[in-house]
1. All other residues with a Cβ under 14 Å from the Cβ of residue 117 taken together, and with Lys, Arg as +1 and Asp, Glu as -1, what is their net charge?
2. Taking all protein chains together and a probe of 1.4 Å, list 28, 40 from the most accessible to the least accessible.
3. Each residue of the range 139-151 in turn: what ³J(HN,Hα) in whole Hz from Karplus with 6.51, -1.76, 1.60 and θ = phi - 60°, glycine and Pro shown as x?
4. Under 10 Å, Cα contacts only: if you run a Gaussian network model on the chain, which one of 200, 240, 221 comes out with the highest mean-square fluctuation?
5. What is the helix-to-structure angle for 29-43, meaning the angle in degrees between its Cα long axis and the longest Cα principal axis of the chain, kept from 0 to 90 and rounded to the nearest 10?
6. For the range 64-192, what's the relative contact order in percent, using C-alpha pairs closer than 8 Å and at least 6 residues apart?
7. Considering all projection directions equally, how large on average is the shadow of the alpha-carbon convex hull of the range 54-168, in square nanometres?
8. Classify the range 129-198: rounded, prolate or oblate, from the alpha-carbon gyration tensor (a ≥ b ≥ c, eigenvalue square roots; a/c under 1.5 rounded; otherwise prolate if a/b is larger than b/c)?
Amino acid sequence: MSEFVRMEKQERVALVTLDRPKALNALDRAGIEEIGRVLDRVEGDREIGALVVTGAGRAFVAGADVAAMRSMTPLEAERFSGLAHRVFARLEHLPIPTIAAVNGFALGGGCELALACDFIFASREAKIGQPETKLGLIPGFGGTSRLVRRVGIAWAKQLVLVGDPIDAEEALRIGLVNRVFEPAELLTGALATARAAASRAPVATRLAKQIMQEGQDADVRTAHALEQRAFGLVFATDDRVEGTAAFVEKRDAKFEGR
């Protein structure tokens, strides 16, 4: 594994740290490919029930590596964007809850990486935005679509077309982030939420996440139909039997993912 991406397991939570602080954890092709290999490990480990992504130093991810992009041809740029889209889509569609713990700058590709996670928790010192138009570029890692879905078209246009980053409190106000923490408490808070999510019934968690993601792009009638089918499916699981029994018996449930 490269020195850029570190992964450690804490109980049932995978903590992924982007560790290239001298470059503010900027994403180049090798770094994005390494994130993909880490996702291979996460997908292959049934013990992992949640994922937290954070950055080392004073940045989450300060953006894509501009120096590496300067000499790209249009075709190379499209392929670079395609790579990031594939890897970030894998992150978005992991069957487990994912949290971006934004500890500092999350700009451009960093904002887009955070948007591919289910929740975004931010340090009070975080700065978040899509500044690509200041460089003659546009978001290329999914920002134009995920940002609209997260905060609505008006705020997405302001963040992309003006390009100025916003602070954590403003990001919380517009719904871009879920919670804001003092810097020293960010990772503790993210891991605590991840552990709580990882303790829930795995099959129910996977289905709930799946139908919410599919339902947001469907009409309401189709979204309701997806929910009804999934609701019926969970009744065929051992976890449903255990969860309802534990509730009635006033004890903690012991889920096995079946």
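The values are calculated or read from the model by the stated rules, or taken from the named source; none is laboratory data. As the structure is a computational prediction, the values presented were derived from the model and not from experiment. Methodologically, a virtual Cβ is constructed for each residue, glycine included, from the backbone with ideal geometry; neighbour enumeration extends over all protein chains shown. For accessibility, only protein heavy atoms count, side chains too; no ligands or nucleic acids. Shrake-Rupley method; radii C 1.70, N 1.55, O 1.52, S 1.80 Å.
1. On the way: positive: 90, 146, 149, 150, 179, 209; negative: 92, 112, 118.
It works out to a net charge of +3.
2. Values: 28 40, 40 80 Å².
Result of the area sort, largest leading: 40, 28.
3. 3J(HN,Hα) across the range 139-151, in whole Hz: x, x, 10, x, x, 5, 9, 5, 5, 4, 5, 7, 10.
4. 221
5. Taking Cα atoms only, the helix is inclined about 0 degrees.
6. Working: 201 pairs, mean separation 33.1, N = 129.
Rounded, it is 26 percent for the range 64-192.
7. Numbers: hull surface 27.8 nm².
Convex hull of Cα atoms, orientation-averaged projection: 7.0 nm².
8. prolate
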